[in-house]
Every structure is written in C-alpha cells, then in structure tokens.
Amino acid sequence: MKIAPECIQCIFDVRAKEITSASLSDHEKILKLKSFLDYYSQIVTPDTSTTLLSWQAFRKVKELMGSEDPYTSFKTRSHQVAVELLSVIEREIKEKIGFERFHYAVKASIAANLVDPGTPSGIQPEALGEKIRGLRLAIDESEKLYMRLLQSSKVTFLLDNCGEALLDTLLIREIKRMGVELKIVVKGKPYQNDITYKEALEYGFNSLGEVVSTGSDFPGVIPGYVSEEAVKALEWADVIISKGMANYEAFLLKPPSKPVFIMLVAKCEVIARAVGVQKGEAVAFFLQGSPDLKKLF
C-alpha cells in the first residue's frame with residue numbers, strides 16, 4: 001500500500017530496534033544507526049510503498065549486522081511455543097464439528113498472527129494461548145470462505161510468521177478435509193520472522209501440500225520481485241488465503257485475478273483505517289479490489 005507519514009516512523013523504529021537489540025557495543029550500535037539513518041533518508045519518498053520501504057530497510061539492516069537472518073532465535077522460540085500450544089488447540093478443535101470447527105481453526109490462525117516483533121503492538125509468543133480463546137473478529141466472512149471452499153478444488157495459502165505458521169496447519173488440515181488441493185507459499189530467504197522455504201520443509205509442511213518458495217526475501221507476492229513459481233501459484237488457485245499485514249499490503253498494490261481471503265490483526269492505525277476497523281482488531285474477509293494507486297514498482 002502507498003506510504004503514510006506514520007509508516008515512515010514505524011518502519012524506522014522497527015529497523016532501529018533490530019540494531020539496538022543486537023549484541024554490540026554502544027559505540028558500534030551508534031555507528032550502525034548512523035549508517036542506517038543516512039540510507040533510510042535517501043529511500044523515503046512520497047511515492048514509495050510500505051512494502052518496498054520495509055524491504056529495502058530490512059535488507060540494509062541485514063547488511064549492517066552481517067546477518068542474513070537476525071530473527072533466528074525469535075523464530076525458534078516462537079516455533080517452540082507453537083508446538084506446545086498446537087496439541088491443546090487441536091483437542092479443542094476436535095470437540096467441534098462442521099463450520100464451527102472450521103471457524104475455530106480460522107480464529108486460531110488469526111490469533112497466532114499477533115506474534116510479531118515487526119510491529120509495535122505485536123505480542124510475545126508465550127501470551128498466545130489466551131489470545132486464541134478470547135479472539136473476536138471485527139469483520140468475519142469465514143462462512144463465505146467455508147462455502148466457497150466447498151465449491152473449490154485448488155487453494156494457495158500464503159504463510160506469514162514462524163510459530164504462527166505451525167498453528168496455520170490446523171486450518172490447512174481443515175481445508176484438506178474438504179478435498180481441496182493445496183499450494184503453500186513461503187519466503188525463499190529470511191524476512192523478519194517470516195517462515196522460510198527451508199524452515200517449512202524442516203517443519204513438515206510438504207506433507208500438507210506443495211511448498212512453493214518465493215525465491216526472495218520480498219514481503220509479498222508481486223511479479224518481478226518473487227519467483228515465477230510463486231506468481232503461478234496464485235494464478236493456479238481457485239481461492240487464495242493470505243495471512244498477515246505484509247501480504248495484504250502487497251495485494252493492495254498488485255491484486256491477483258483470483259479471490260483473495262485476508263486474515264490478519266490490524267496492528268497499526270494505517271492498516272486499521274484501510275480495513276475499516278479499530279487498531280488491534282482481528283479480521284477475516286475477502287479482498288474487494290484495491291485503491292487506484294499509481295504504479296510503484
């Protein structure tokens with residue numbers, strides 16, 4: 001989506017925190033922050049997008065830190081917490097039937113989206129269990145999705161964060177129970193705490209469907225920035241299910257021709273305004289077109 005003034009500060013704050021949280025001396029942190037600030041001031045323009053700016057800024061942080069994956073330990077911890085939660089939530093889902101069962105899996109998947117160090121309001125993974133049970137959807141088109149899936153044969157599912165992705169398997173399994181073939185799209189290279197192709201294979205996602213790599217660390221699926229295979233996975237599907245704000249923002253720039261079902265928590269005011277809810281509220285809805293934005297890529 002097109003940049004808003006608040007986005008510039010937010011993206012900078014997150015990237016600066018990635019530097020200040022590193023195991024470096026204060027002197028080294030200050031020098032790296034200065035280098036980042038110099039770079040950031042050059043790439044901020046009124047015509048950029050949140051997708052492009054976040055990506056460019058994160059790549060610079062990786063370069064400055066000399067680390068291809070600064071979130072390795074956070075992703076590992078998130079996955080460990082999700083493993084502990086998975087069996088508990090799985091038991092709760094199995095107590096339900098039909099749409100109620102499907103709906104609970106949707107809510108578990110969305111609540112898991114709250115684990116996100118890339119936003120100021122993201123929670124720590126240990127707080128996730130309580131959030132799942134108490135989640136209320138401000139916009140809830142889950143039943144529309146359920147009915148559409150009953151008439152579909154092919155679904156492409158865009159994963160988001162590590163840990164969260166493991167709880168997405170609950171929904172993915174419910175979709176598979178409906179006789180639907182799945183493609184699962186993941187990052188080819190590390191971007192924040194998003195699950196990568198390597199991690200998806202390690203965690204067994206290939207047993208649920210064909211795992212498709214974007215081939216890059218770009219935060220969304222936009223032709224020219226990701227693999228042709230990832231683009232074709234969107235074209236192949238009857239329905240696309242998209243997790244998280246970054247995928248949503250990218251789809252506002254370049255919406256696919258196929259129906260897209262958005263699942264996210266509006267963790268900032270800008271996204272909340274775009275969706276039409278309050279900050280912090282969870283939503284599940286079909287994307288209805290996109291704003292008439294000038295070409296940004």
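For the reader, a short list of remarks on this structure follows.
- Normalising the average separation of contacting C-alpha pairs (under 8 angstrom, six or more residues apart) by the number of residues puts the relative contact order of the chain at 19 percent.
- Hits among aspartates and glutamates - C-alpha to C-alpha of residue 60 under 18 Å, sequence gap 8 or more where chains match: 13, 18, 28, 38, 68, 69, 194, 217
- Electrostatic bookkeeping for residue 251 treats Lys and Arg as +1 and Asp and Glu as -1; over the other residues with beta carbon under 12 Å from its beta carbon, the sum is +2.
- As a length-normalised measure over Cα pairs under 8 Å and 6 or more apart, the relative contact order of the range 187-276 settles at 21 percent.
- Both the radius of gyration and Dmax for the range 72-286 are 15.5, 45 Å, in that order, over alpha-carbon atoms.
- Relative to the current alpha-carbon distance between residue 88 and residue 177, full extension at 0.36 nm per residue lengthens the span by 30.0 nm.
- The alpha-carbon of residue 94 sits under 18 angstrom from the alpha-carbons of these aspartates and glutamates, leaving out residues fewer than 8 places away in its chain: 84, 168, 174.
- Ranked list, fewest to most other Cβ atoms within 10 Å of each Cβ, for 268, 162: 268, 162
- Computed over the range 5-65: relative contact order in percent, which uses C-alpha pairs under 8 Å that are six or more apart: 48 percent
- Extended-chain gain in nm, criterion 0.36 nm per residue less alpha-carbon gap, residue 67 and residue 44: 5.9 nm
- Total charge dipole magnitude, the chain, about the Cα centre, Cβ charges on Lys, Arg, Asp, Glu only, Debye to nearest 20: 280 debye
- Packing, as the average of other Cβ atoms within 10 Å across residues, places the peptides 147-158, 196-207 in the order 147-158, 196-207, highest first.
- Out-of-range pairs (alpha-carbon distance over 31 Å; input 29/107; 62/176; 2/187; 34/131): 29/107; 62/176; 34/131
- Where a label projected 7 Å from the Cα of residue 22 along Cα→Cβ would reach, residues of the range 65-94 with amide N under 19 Å: 65-75
- FRET efficiency, residue 257 to residue 139 (Cβ-Cβ, R0 30 Å, nearest 0.05): 0.85
- Semi-axis lengths, Å, the range 174-297, gyration tensor of Cα atoms, sqrt of 5 times eigenvalues: 23, 17, 16
- Residues considered: 166, 264, 86. Largest GNM mean-square fluctuation over the chain, using C-alpha springs under 10 Å, is found at 86.
- All other residues whose Cβ lies under 12 angstrom from that of residue 209 are scored, Lys and Arg at +1 and Asp and Glu at -1, for a net of +1.
Laboratory data are not the source of any read-out in this text; all were calculated from the coordinates shown. Model, not experiment: these values are computed from the prediction. Please note: Cβ atoms are built from the backbone with ideal geometry, for glycine as well, and neighbour counts cover all protein chains shown.
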